[in-house]
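Step one of this worksheet: look at the structure below.
The values are calculated or read from the model by the stated rules, or taken from the named source; none is laboratory data. All figures in this text were calculated on a predicted structure; none of them were measured in a lab. When we count neighbours, we look across all protein chains shown, and the Cβ atoms used for this are built from the backbone with ideal geometry, even at glycine.
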């Protein structure tokens, strides 16, 4: 078998397959790539577009718009010329990939300009913020309110953000959809303080979120009506309905799991205790909370199955119409309704697009679960939401989907030629186990890159939880919907709540047995993630033994780069938290100062330790003793604690204000808050965020965003 055959999932017709030698075949005697493969082309285009979109967001400066718009047109012209003059060859393969790259890059650049909206440039307030409360989210310090701004006192309309998000630390007395007035302190969306961290500031730009902050006191309801425009009016009514629905589900599903049920039905997590969210995250079940592919597949699949069965019972209709087509339309409408009710978050929109492609394939008599459908869904998502390429949700959902579809096709082909017949129960459990294993393996590199750890018992937790979600929770929720007009909907919601209580018990049990999860001990380099992604892409496109050859050839260098990279020794975040890797390998989190920045997402599962109850506090790190001097407001002289006596064998001092005559290596909070975070690796090298201001649209020049 040659490479070209390995990378063509299906047989196909091409000039190089008997109709012409082609450029590469003429040179080497082998066909390099089957570019005309009916599945290879859209897959290659999708992967290339993802590469181009990622390249746009990692560029050090904004590319020229003229070049961005002309590049795809030039690539199309070259491909058209190449198709006429060349047989399928390496040249056409490169042109096709180049077209995908520039198309993805252009999608990112155009989208960044289309969503441009004012962003607060510096700390502002306290000021009166007036607007409509569109969403309530759970936060560590209280509910986070997303407000569509009507006006901000003292701020001209052209500089007023479209949306702000503020933390409400007091008891919330207003509901979604209401006009509110909040006395708030605002600042620009914070930048990541650590290399490789998820860039909230960039995501805020694409969500038109122009400021974040906190409320002083309480938000009060106002008398102004709905915002102008039909779309805004409908959006506020939907927000109010979602809040009422979440409140009802929270009460009807039971005290223990009511918040979990409300989150699954409406996407509103504000009723769910933070401890339950942490348990789901630490057990590897956090994907149940984010309304995405799993939830859309359950809703759409359940409606499709039920409607297909019901329509098949109508004999005149079943004899004249393929019942799967009207069933697909109804399932698509039901999924659209769920999209609206659940808040239409980015991950939910992405899942709906993927599901729409699947049901579209049913309507046009194509294979619903195929790599072609997978590629079309990825292309559409990148065109509509190119910024999502950089998010963990996009990466993990498409990694799992691609791996599962490729596995499904391989498994189906093997069963077709196998004489062994499995029972329905055995097949169901085998399918569940393989699904969990394949999805977990495919998403592991992205979980390790973004979160620095894997759930220790994630596979077991998913094997135990997924049958409950699929065969108990989903039917119970559907029954509640059907019984609601009859007045018995709460019965279905109570069963729904009981099933979710079982899920929470599984999460808590698995977390208790493996509380720390699995951590590699060092951050994965960017290039390693790129190689892991390339290995997964090659494994999806290729078939047979070549799948394993390509995966091994790319995974090996990725692992080598990862294991030889220097590890983290210390990170002082703009949030004020200090993370120190001790000599034993564990990372200690100390809540040192109350800062305004973001704590690294990769350490989100760490709880503050009690190691530093007295000051000064000395921690035995992998680079030597690190001393934390008294933070502001604690007893003790800050400067007097940093002495130069020979008995003090300290490799690094952490202080609030740098003394005029420092006697050794030190870090001062005054520098950290300005630089946005500092990281020191095991070699002693120090890195800090130092991106030029205004290099990109979402990187403003301001001291509050860490720029200078």
Which residue is surrounded by the most Cβ atoms within 10 Å (Cβ to Cβ), if the candidates are limited to the stretch 510-524 and must be in contact with a helix residue (DSSP H, G or I) (Cβ under 8 Å, 6 or more places away or on another chain) and part of a helix (DSSP H, G or I)?
510
Spans of helices (runs of 4 or more DSSP H) in the stretch 280-362 with at least 1 residues in contact (Cβ under 8 Å) with a residue 60 or more places away in the chain
293-312, 324-341
Among (1) modelled with pLDDT of 90 or more; (2) surrounded by 18 or more Cβ atoms within 10 Å (Cβ to Cβ); (3) part of a helix (DSSP H, G or I), residue 98 falls short only on (1)
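Okay, residues lined up against (1) at pLDDT 85 or above; (2) within 27 Å of the chain's Cα centre (by Cα); (3) within 17 Å of residue 343 (Cβ to Cβ); (4) in a helix (DSSP H, G or I):
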{"residue": "212", "(1), (2), (3), (4)": "yes, yes, no, no"}
{"residue": "224", "(1), (2), (3), (4)": "no, no, no, no"}
{"residue": "228", "(1), (2), (3), (4)": "no, no, no, no"}
{"residue": "232", "(1), (2), (3), (4)": "no, yes, yes, yes"}
{"residue": "237", "(1), (2), (3), (4)": "no, no, yes, yes"}
{"residue": "240", "(1), (2), (3), (4)": "no, yes, yes, yes"}
{"residue": "245", "(1), (2), (3), (4)": "yes, yes, yes, yes"}
{"residue": "248", "(1), (2), (3), (4)": "yes, no, yes, yes"}
If you take the residues in the stretch 588-625 that are in contact (Cβ under 8 Å) with a residue 40 or more places away in the chain and not in a loop (DSSP other than H, G, I, E, B), which one is nearest to residue 656 (Cα to Cα)?
621
Could you tell me which of the residues 137, 130 is over 24 Å from residue 390 (Cβ atoms) and touching a residue at least 60 places away in the same chain (Cβ under 8 Å)?
130
Taking residue 574, is it touching a helix residue (DSSP H, G or I) at 6+ places or on another chain (Cβ under 7 Å), buried (at least 19 other Cβ atoms within 10 Å of the Cβ) and either assigned by TED's automatic domain parsing to the domain that holds residue 667 or on the phi < 0 side of the Ramachandran plot (or both)?
yes
When you scan the stretch 165-178, do you find a residue that is within 30 Å of residue 54 (Cα to Cα), within 22 Å of the chain's Cα centre (by Cα), at pLDDT 85 or above and assigned by TED's automatic domain parsing to the domain that holds residue 130, even just one?
yes
If a residue must be on the phi < 0 side of the Ramachandran plot and buried (at least 24 other Cβ atoms within 10 Å of the Cβ), how many such residues does the stretch 270-287 contain?
4
Single residue of the stretch 577-628 satisfying the filter (more than 21 Å from residue 670 (Cβ to Cβ) and touching a helix residue (DSSP H, G or I) at 6+ places or on another chain (Cβ under 8 Å)) that is surrounded by the most Cβ atoms within 10 Å (Cβ to Cβ):
602
For the stretch 110-141, what are the residues that are within 13 Å of residue 184 (Cβ to Cβ) and not in a strand (DSSP E or B)?
120, 123
Among the residues that make up the stretch 217-230, is at least one of them at positive phi, surrounded by fewer than 23 Cβ atoms within 10 Å (Cβ to Cβ) and out of contact with any strand residue (DSSP E or B) (no Cβ under 8 Å at 6 or more places or on another chain)?
yes
Looking only at the stretch 162-176, count how many residues are touching a residue at least 60 places away in the same chain (Cβ under 8 Å) and crowded, with 20+ Cβ neighbours inside 10 Å.
1
Residues (within 16 Å of residue 598 (Cβ to Cβ) and at pLDDT 85 or above) located in the stretch 131-147:
144
I'd like the full set of residues that are in contact (Cβ under 8 Å) with a residue 12 or more places away in the chain and surrounded by fewer than 17 Cβ atoms within 10 Å (Cβ to Cβ), limited to the stretch 444-467.
467
Among the residues that make up the stretch 314-325, is at least one of them within 19 Å of residue 478 (Cβ to Cβ) and exposed (fewer than 13 other Cβ atoms within 10 Å of the Cβ)?
no
Given the condition outside any helix (DSSP H, G or I) and modelled with pLDDT of 80 or more, answer yes or no: does some residue in the stretch 25-37 qualify?
no
Can you tell me which residues in the stretch 550-571 are surrounded by fewer than 21 Cβ atoms within 10 Å (Cβ to Cβ) and touching a strand residue (DSSP E or B) at 6+ places or on another chain (Cβ under 8 Å)?
566, 567
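Results for (1) over 24 Å from residue 446 (Cα atoms); (2) in the same structural domain as residue 652 (by TED's automatic domain parsing), shown as yes or no for each residue.
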{"position": "561", "(1), (2)": "no, no"}
{"position": "580", "(1), (2)": "no, yes"}
{"position": "585", "(1), (2)": "no, yes"}
{"position": "606", "(1), (2)": "no, yes"}
{"position": "620", "(1), (2)": "yes, yes"}
{"position": "629", "(1), (2)": "yes, yes"}
